[in-house]
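The values are calculated or read from the model by the stated rules, or taken from the named source; none is laboratory data. Just so we're clear, the structure is a prediction, and the values are computed from it rather than from any experiment. Here the Cβ positions follow ideal geometry from the backbone for every residue, glycine too, while neighbour counts run over all protein chains shown.
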Number of protein chains: 2
Amino acid sequence: MTTTSAIKVMTVDDHPLVRVGIATVVNQQPDMKIVAEAESGPRALELYRQHQPDVVLMDLRLRGDSGARITSALCAEFSGAHVLVISNYDGDEDIHQALAAGALGYLFKSVVEDELVDAIREINAGRRYLPKGVADRLHESESGARLTRREDEILDLLGKGLRNRELGQVLGVTEDTVKTHLKSLFRKLQVSDRAEAVREAMRRGFIHSE
Amino acid sequence: MTTTSAIKVMTVDDHPLVRVGIATVVNQQPDMKIVAEAESGPRALELYRQHQPDVVLMDLRLRGDSGARITSALCAEFSGAHVLVISNYDGDEDIHQALAAGALGYLFKSVVEDELVDAIREINAGRRYLPKGVADRLHESESGARLTRREDEILDLLGKGLRNRELGQVLGVTEDTVKTHLKSLFRKLQVSDRAEAVREAMRRGFIHSE
DNA sequence: CCACAACTCACCCGTTCGGGGGATGGACTT
DNA sequence: AAGTCCATCCCCCGAACGGGTGAGTTGTGG
């Protein structure tokens, strides 16, 4: 048996234990093999150049960095990169960002081993792979609530306890303008006040606490 | 070589990949061995009775259940249980709850393999194991901000966008009483409004979005 | 070129908040 | 019995909030 057809897989995750878990599962498959493990964004780029893996398993949230950004960089440099994002979180925004960045698939870390290797094979073949239900939600979020740049900025600052006036000062606009943005923000998130907006934004992945 | 002295380890985690990672690392050690893997709280109890492991590696946040609760239940039934909590999150409250529930140690999932096995040996010996810096923070949080039952309940509801009056109705008290609790809540969390309180509460692990 | 979305600002208005004070009763400690 | 903590309630008041409506300016894209 030759190994020439084995799918070369690279993991990008800052959790050693998760990397070990993935590596163990992948290496148990006869048709795939871990060729590199990156624990950070820059390292991912470096190792990709070095090993030219067929599939990249990308964690979405790494210490400081964002898996979406890394995916963008990767796809910019290597247009043929096949990225499968694996994340703990099912915030709509995370998923959206990942796919927008060029990822071919999305998986939750709660996946069982079989799903993982199935997904890897699909991604390797250049096909998309999304958990059931996720595709539907994407359409919703695309048609429904996509925030503008301003609304995003305001959302970030909302959780910091800034008052409307302070928000205006930070952004360099009037308090009235801030209120206008807040109104459309509340409408889009379907909430009625800032506290609820903060929680909802976290749930959807617009902002993070850590 | 006999295996009679091998440390029997059980994992409790709802992420198969993490279980595999931990199992791989542990089983590579000559002096320890995975004897059971639980993916839920009830299953953890069941498997503990069956295998009587020396050390339990407990994830703090499982689907629906809480690692702290499981730890409590475990320690209640088996006073000699040696639990090592492994969590993604470094919210003070999570750590506090885990230790209060009877856990001997706390680790972040970002640990490298060596730290994990070191910790397992310490816990097996009945000693505590805490990452550097965590012990300090525990003292802070004990002296500083510990919330009362009412404040906790209110915090939970704050993120749902309830107004003070509605909070009162839900809790069966006056709006004025709610405001009193909110004042002391803001003081303890060192915030100035509900939106900031929600984010801070999430950061510290008092409430969760998922 | 025109439509459309985003961003900007303004005004009004009723409601809610946040922060300050003080007070009572129960429970638990010392 | 005194002290402390918690929960409950009350009052006051200025500031902040949310919601509604209208309207001007960009810039992008059909």
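When B:R150, B:R128, B:R146 are checked against the criterion of being within 30 Å of B:I22 (Cα to Cα) and either away from every other protein chain (no Cβ under 14 Å) or surrounded by 16 or more Cβ atoms within 10 Å (Cβ to Cβ) (or both), B:R128 stands alone in meeting it. Per the listing A:D94, A:D118, the residue uniquely surrounded by fewer than 18 Cβ atoms within 10 Å (Cβ to Cβ) and in a helix (DSSP H, G or I) is A:D118. Any residue at all in region A:159-168 that's within 14 Å of chain B (Cβ to nearest Cβ), part of a helix (DSSP H, G or I), within 13 Å of DNA strand D (Cβ to nearest atom) and exposed (fewer than 15 other Cβ atoms within 10 Å of the Cβ)? Among the residues of region A:159-168, at least one is within 14 Å of chain B (Cβ to nearest Cβ), part of a helix (DSSP H, G or I), within 13 Å of DNA strand D (Cβ to nearest atom) and exposed (fewer than 15 other Cβ atoms within 10 Å of the Cβ), which makes the answer yes.
For (1) part of a helix (DSSP H, G or I); (2) modelled with pLDDT under 90; (3) under 30 Å from B:T174 (Cβ atoms), each residue gets a yes or a no:
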| position | (1), (2), (3) |
| --- | --- |
| B:Y48 | yes, no, no |
| B:P53 | no, no, no |
| B:V56 | no, no, no |
| B:G64 | no, yes, no |
| B:A73 | yes, no, no |
| B:A81 | no, no, no |
| B:A98 | yes, yes, no |
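Could you list all residues from region B:93-118 that are in contact with a Leu (Cβ under 9 Å, 6 or more places away or on another chain) and within 12 Å of chain A (Cβ to nearest Cβ)?
The answer is B:D94, B:L107, B:K109, B:S110, B:V111, B:V112, B:E113, B:E115, B:L116.
If you filter region A:184-207 down to residues that are facing chain B (nearest Cβ under 9 Å) and in a loop (DSSP other than H, G, I, E, B), you find that the one that is nearest to A:H96 (Cα to Cα) is A:I207. If I ask for residues that are more than 13 Å from chain B (Cβ to nearest Cβ) and under 20 Å from A:G21 (Cα atoms), which ones from region A:43-59 would you list? Selection gives A:R43, A:A44, A:L47, A:P53, A:D54, A:V55, A:V56, A:M58.
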